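First up is the structure itself, then whatever we jot down about it.
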Amino acid sequence: MLDACTAVFAAALPLEQPADATLSAFFRSHPKVGRRDRAVIADSVYAALRRRRLLERVAATQSPRRLALATWMALLGANLRELDPWLRGDEAEWLASVKREAAAPKPFEVECELPDWVIERLRARYDESALLALAKGLLQAAPLDLRVNPLKISREAVLERLAADGLRATVTPYSPEGIRLKEKPAINRHTLFLEGSIEVQDEGSQLLCHLVAPKRGEMVVDFCAGAGGKTLALGALMRSTGRLYAFDISPKRLAGLKPRLARSGLSNVHPQRIEGVNDARVKRLAGKIDRVLVDAPCSGFGTLRRNPDMKWRQTPEDVAELVEKQKSILAAAARLVKPGGRLVYATCSILEEENRGVVEDFLRSAPFTLRAVGDALEKGGIRLHMGEYLELWPHRHGTDAFFAAVLERAE
């Protein structure tokens, strides 16, 4: 076990590729590693990535073997007696010092477990207590949220079937289609998933679709559709009527939508790969679309509960490039919206320059008006107190961190 964990740490901690890709590659090349050991290895890697600053502080080494041992001791609660069979040389003495250091007071930056440059940007908006609360929320493991497909089944029926299978589940606090599981079973093997009655989707992501609020028979565009989680939610809200275009530049991501779409039973979705914001498929729809969702490519800092390595792989220069891309995408998507139509801009970022900064820049010249998201949510029967913008936080709402703005084109 320690040898396997050491090998994965050696591959994952240099951050040359996403952690989930590193783990998948390791498990494919080591098929004899059992399910329980796989879970321990994955938990160890994600714990180390979440608490990297603390780990490097207490371990005082870059040795993958010692970092794995320190993770078990300082982050996962193992004791010396449990680890003793694996230890050699002075490692028992060293682990005792790791335990002492882990219990000692820590600098604010270590408590936050964010890069210094991110902390500095957040300080411009939050005091230390608010910043620390946000940071600690991002350190928690995310729950498993599901979205019920109302075209196939009711939420109550899903809860009953999950309970019959011994799975503890509750309704989500805000989304009328959401269910939250206490554990993380292999839900992709469950009959409900295979028959298209449920999809895995964070509650925050579900709420973005309610901001779009598509109606039966409308023309709607999911401008950065990816593998189509929001596309499917929008299609269900439209009751499989009208036309829903799912645009993306990645054929691989759109290929992920195909089996999900088949399971969903939707007949109004039209996936289309585009070359970019100036693609002819985009231009031909100018001024014709009732509602457009732009879930823009972003730094992803709002998803650190699921992707903790992202915070160490991003740089200020990366974010600056993303902001320019976001502005370009939003401007192109806006051209599709008909007079009186709705444009929703969203990210899963916690950085102001990707959120309000992009929206405020857009509104300086575009013929759109900012509409309070609180009004849009209230019309959808969602009780969530918000002002001009949607701002969801893990420590307050139990979701990933999301930002969204509702923009309306002038008549």
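Structural remarks
- Considering ALA12, ALA48, the condition of being farther than 16 Å from GLY77 by Cα and not β-branched (Val, Ile, Thr) is satisfied by ALA12 alone.
- When residues of the range 189-220 are limited to those that are within 18 Å of the chain's Cα centre (by Cα) and not hydrophobic (A, V, I, L, M, F, W, C), the one farthest from ASP165 (Cα to Cα): HIS210
- Residues of the range 355-373 that are assigned to a helix (DSSP H, G or I) and either polar (S, T, N, Q) or under 12 Å from ALA404 (Cβ atoms) (or both): ARG356, VAL358, VAL359, VAL373.
- Put simply, of GLU128, GLU156 the only residue that is out of contact with any helix residue (DSSP H, G or I) (no Cβ under 9 Å at 6 or more places or on another chain) and either within 18 Å of HIS395 (Cα to Cα) or not assigned by the TED database to the domain that holds GLY381 (or both) is GLU156.
- Pick from the range 42-73, criterion more than 25 Å from ALA21 (Cα to Cα) and small (Gly, Ala, Ser), ranking: surrounded by the most Cβ atoms within 10 Å (Cβ to Cβ): ALA59
- Given (1) part of a loop (DSSP other than H, G, I, E, B); (2) under 19 Å from LEU377 (Cα atoms), number of the condition GLU183 does not satisfy: (2)
- Residues satisfying the stated conditions in the range 263-313, i.e. closer than 20 Å to GLN206 by Cα and in a helix (DSSP H, G or I): ARG263, SER264, PHE301, GLY302, THR303
- Scope the range 93-115; condition closer than 20 Å to GLN62 by Cα and in contact with an Asp or Glu (Cβ under 7 Å, 6 or more places away or on another chain); matching residues: GLU109
- Pairing residues of the range 1-16 that are in a helix (DSSP H, G or I) with residues that are among the hydroxyl-bearing types (Ser, Thr, Tyr) and crowded, with 17+ Cβ neighbours inside 10 Å, at Cβ distances under 7 Å and at least 6 apart in sequence or on separate chains, gives CYS5/SER44; VAL8/THR22; ALA11/THR22; ALA12/THR22.
- Screening the candidates VAL212, VAL220, VAL200, VAL269 for the property of being among the β-branched types (Val, Ile, Thr) and surrounded by fewer than 23 Cβ atoms within 10 Å (Cβ to Cβ) yields one hit, VAL200.
- For the range 320-354, a residue qualifies if it is assigned to a strand (DSSP E or B), closer than 19 Å to TRP393 by Cα and in contact with a Leu (Cβ under 7 Å, 6 or more places away or on another chain), and the qualifying residues are VAL344, TYR345, ALA346.
- Residue in the range 165-180 that is under 30 Å from LEU55 (Cα atoms) and either in contact (Cβ under 8 Å) with a residue 24 or more places away in the chain or exposed (fewer than 15 other Cβ atoms within 10 Å of the Cβ) (or both) present: no
- Residues (part of a helix (DSSP H, G or I) and out of contact with any Leu (no Cβ under 7 Å at 6 or more places or on another chain)) located in the range 233-260: ALA233, LEU237, PRO251, LYS252, ARG253, LEU254, ALA255, GLY256, LEU257, LYS258, PRO259
- Where ALA186 falls short, out of the listed (1) at pLDDT below 95; (2) hydrophobic (A, V, I, L, M, F, W, C); (3) in contact with a Ser or Thr (Cβ under 7 Å, 6 or more places away or on another chain): (3)
- Residues located in the range 21-41, provided they are touching a residue at least 24 places away in the same chain (Cβ under 8 Å) and either hydroxyl-bearing (Ser, Thr, Tyr) or surrounded by 15 or more Cβ atoms within 10 Å (Cβ to Cβ) (or both): VAL33, ASP37, VAL40, ILE41
- Single match in ARG88, ARG125, ARG121 (criterion: among the basic types (Lys, Arg) and more than 30 Å from VAL319 (Cβ to Cβ)): ARG88
- Residue list for the range 221-262, restricted to those being in contact (Cβ under 8 Å) with a residue 60 or more places away in the chain, within 17 Å of GLN201 (Cβ to Cβ) and of a type outside the set (Gly, Ala, Ser): ASP222, CYS224, LYS230, LEU232, ARG260
The values are calculated or read from the model by the stated rules, or taken from the named source; none is laboratory data. The structure presented is a predicted model; accordingly, all values stated were derived computationally and were not measured. FYI the Cβ positions are ideal-geometry reconstructions off the backbone, even for glycines, and counts take in every protein chain you see.
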